[in-house]
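Shown next, in structure tokens, is the structure this report addresses.
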Amino acid sequence: MLLHPSANMLQQFEAIMALTNLASHGTTCAARIADVPRVLDKVELLMLEDHTLIRRASTELICNLIAGSENVFERYGGGLEPSGKKTRGKLCKSKIQVLLAMSDVEDVPTRLAASGALATLTSSPTACDGILELQTEYHRAFLILAQLIDPGVHHGDDVAEGEDSIQKSDPGLVHRGVVCIRNVLLNPQSSLPRPALAEEVENAGLLGVFERLLKGELGSFSEAILPPAAEVTNKLVELFSSDQ
């Protein structure tokens, strides 16, 4: 039904929801869905739809497939074979860029799905490198991830007056943001020079975000985020200390 040329938007939505539920049942189901010809291409197109529910459902399906299918994990930069690495790397980076964009929309379920996919992908050094490249090119990736934790933060760690009281941090988004930033900053294979990384981190206001998080100023969250948040804070302090 998803691929039928005459399927309307409602039918496509129902098909995506059904596939999302199936993909959540385990790696076997996810792999079988991912292996159906043209399905991934179709879902990735629907991720860019203006319709909120279609975009949300498509992003949730991609999130489940990244977690459940090795092929989709690699398609999004989770792993690259030596052959064709440069070409595939560009394609993967563009897909990571879409997930970052979906992590910055107003719809919280869409942001949860997209940032969840990024949290899974950043277990791979290749995906971390993709995010770093996007950060140095557009200077937005770190800020998007920081705003998952603290919605009131802006470029340069400025918090708009009164904005933090209006926008509340979502525990799920906070957890995903912490994991993503932790994985990217602690990536042992990072090729970004330390001074350049320190500058990007400072401009995104990451140190202030994690200080507020650990002080409890952003609300109460699961204790599971404390170890990775502490790792990030230590890394940030190390970055700025060595940059003196």
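Taken together, the values in this text are just the output of simple stated rules run on the coordinates, not laboratory data. In this text the structure is predicted, and so the values were computed from the model without any measurement. Quick reminder, even Gly has a Cβ in these numbers, built from the backbone with ideal geometry, and neighbours come from all protein chains shown.
For this structure, a couple of remarks:
- In nm, spacing of pseudo-spin labels at L186 and A101 (7 Å Cα→C-beta vector): 3.1 nm
- Segment N203..T136, full-extension length gain: 23.0 nm, with 0.36 nm per residue of separation and the alpha-carbon distance subtracted.
- Alpha carbon Rg of the chain, scaled by the compact-globule rule 2.2 N^0.38 Å: 1.03
- Pairwise FRET efficiency - E223 versus R194, Cβ, R0 = 35 Å, nearest 0.05: 0.70
- With contacts taken as Cα pairs under 8 Å at a separation of at least 6 residues, segment 102-242 carries a relative contact order of 27 percent.
- Rounded FRET efficiency, nearest 0.05, which uses the C-beta distance separating E49 from S241 and R0 of 35 Å: 0.15
- Rounded to whole numbers, the Karplus 3J(HN,Hα) couplings from phi for segment 60-69 are 5, 5, 4, 4, 5, 6, 4, 6, x, 10 Hz, using 6.51 cos²θ - 1.76 cosθ + 1.60 with θ = phi - 60°, and x at Gly and Pro.
- Computed over segment 102-242, the percent of Cα pairs more than 27 Å apart is 11.
- Positive-end residue of T122, I66, S169, charge dipole of the chain with Cβ unit charges: I66
- Stretching the chain fully between E70 and S94 yields a gain of 6.8 nm (0.36 nm per residue, less the alpha carbon separation).
- Charging the Cβ of each Asp and Glu at -1 and of each Lys and Arg at +1, and nothing else, the dipole of segment 1-75 about its Cα centre rounds to 100 debye.
- Its relative contact order, with pairs defined as Cα atoms under 8 Å and 6+ residues apart, puts segment 1-116 at 23 percent.
- Only Lys, Arg (+1) and Asp, Glu (-1) charged, at Cβ; the chain dipole about Cα centre in debye: 960 debye
- Protection proxy ranking of 96-103, 4-11 - average other beta-carbon atoms within 10 Å, highest first: 96-103, 4-11
- Coupling constants for segment 214-231 follow from the phi torsions by the Karplus curve (6.51 cos²θ - 1.76 cosθ + 1.60, θ = phi - 60°), and in residue order they are 6, 7, x, 6, 9, x, 9, 9, 4, 5, 5, 7, 5, x, x, 5, 5, 4 Hz; glycine and proline get x.
- 3J(HN,Hα) from dihedral phi, segment 10-26, Karplus parametrisation 6.51/-1.76/1.60, rounded to Hz, x for glycine, proline: 5, 5, 5, 4, 5, 5, 5, 4, 5, 5, 4, 5, 5, 5, 7, 8, x
- Contact order relative to length of the chain, as percent, for alpha carbon pairs under 8 angstrom and 6 or more apart: 14 percent
- At 1.002 mPa s and 20 °C, Stokes D of segment 1-75 from Kirkwood alpha-carbon radius, µm² per second: 178 µm²/s
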